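Written below as structure tokens is the structure these notes are about.
All of the numbers you see were taken from the coordinates with simple rules; none came from a lab. No experiment lies behind these values; they were computed from the predicted model shown. Please note: Cβ atoms are built from the backbone with ideal geometry, for glycine as well, and neighbour counts cover all protein chains shown.
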Amino acid sequence: MLQIDFDADLNWVDDEDRNIAKVPDAAKRYSVGDVAVAGRPGAWTWALIEKIDNPWVFFKPISSRTAASRANIVLAAS
């Protein structure tokens, strides 16, 4: 099962064509360059975080191949 890191409306973009999400404590949870899963069940994407302006996170959708090259995208079984 996929773990979505933060809720995001993937149709909401800024003037630079980046997606935007309001994430409480974003600056404590993430850094620019981090990879996360953004969206909702049924509509999600791998996200490369490009800017954080607490509580706003600006990100670009990326492929699973790009996500895997930048971060460990497999969670350990619990």
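Some values worked out for this structure:
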read-out	value
Qualifying residue in the range 6-21 (condition: in contact (Cβ under 8 Å) with a residue 24 or more places away in the chain, of a type in the set (Val, Ile, Thr) and in contact with a helix residue (DSSP H, G or I) (Cβ under 7 Å, 6 or more places away or on another chain))	no
Residue that is nearest to the chain's Cα centre (by Cα) [pool: residues in the range 32-78 that are surrounded by fewer than 10 Cβ atoms within 10 Å (Cβ to Cβ) and in contact (Cβ under 8 Å) with a residue 12 or more places away in the chain]	PRO41
